[in-house]
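See below for the structure under consideration.
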Amino acid sequence: MTAFLVLKAIHLLCVVAWVGGMAFAYLVLRPSLVVLEPAQRMLVHTAVFGRFFRIVWHVMPLSIFTGLAMILIFQGGMRFVSPRVHAMMGLGLIMSAVYLYIYFGPYKRFRRTTDKASMLSSLDSIRKMIGVNLILGIVTIVIGVVS
Ligand code: HEM
């Protein structure tokens, strides 16, 4: 039982870092960046994405791994878990796919280009998709805790 709780604690810490990080970026950091000049804003975006995405590269696989470990080791496999866990897993995998799209799509374009218009359009796509993932994350948390 203790091992189950350890897995669940790691699972939840990963989810908090991922969804909480997106909430902070979307609701606090981005609107606050208007106080900077556009060029400085780009530098901050570059530094922030670099750090945050490095965190997500760790917590995203770890949340999937700990979730699957709880199911396979302690709950007897997918056949025996409740619909809310199925829904959580489905949404978690969709969130991961959205993250991979952001990373290898608009974020890669943002890093490679020096053209200002293309940078701004990549930033806009990143912002929209992080918004999508934030909503999915909030829905997934609610589904996760509502039994
Ligand atoms: C492949 C992905 C995932 C799998 C396989 C998975 C699986 C699980 C399992 C087995 C539990 C324990 C359920 C129980 O106590 O019986 C759990 C708990 C939880 N998960 Fe996930 N999960 C995944 C992704 C996510 C994501 C992306 C979120 C949120 C964004 C999330 C939020 C939660 C929450 C809040 C709990 C605590 C539920 C509670 O104790 O009441 N999970 N997850």
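Taken together, the values in this text are just the output of simple stated rules run on the coordinates, not laboratory data. Not measured: the values here are computed from a predicted model. Please note: Cβ atoms are built from the backbone with ideal geometry, for glycine as well, and neighbour counts cover all protein chains shown.
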May I ask you to list pairs of residues, at least six apart or on different chains, whose Cβ atoms are under 8 Å apart, with the first in region 120-147 being touching a residue at least 24 places away in the same chain (Cβ under 8 Å) and the second being within 15 Å of the ligand (Cβ to nearest atom) and among the basic types (K, R)?
I143/R84; G144/R84; V146/R84; S147/R84
Any residue in region 84-96 that is more than 13 Å from I71 (Cβ to Cβ) and of a type outside the set (S, T, N, Q) sitting within a Cβ distance under 6 Å of a residue that is within 6 Å of the ligand (Cβ to nearest atom) and part of a helix (DSSP H, G or I)? List the pairs, counting only those 6 or more apart or interchain.
L91/T140
Across region 53-68, which residue is farthest from I143 (Cα to Cα) among those that are crowded, with 17+ Cβ neighbours inside 10 Å and among the aliphatic types (A, V, I, L, M)?
V56
Quick one: which of A39, A17, A25 is more than 17 Å from I143 (Cα to Cα) and surrounded by fewer than 17 Cβ atoms within 10 Å (Cβ to Cβ)?
A39
Specify which of the listed residues (R84, R127, R109) is within 11 Å of the ligand (Cβ to nearest atom), basic (K, R) and either surrounded by 12 or more Cβ atoms within 10 Å (Cβ to Cβ) or not in a helix (DSSP H, G or I) (or both).
R84
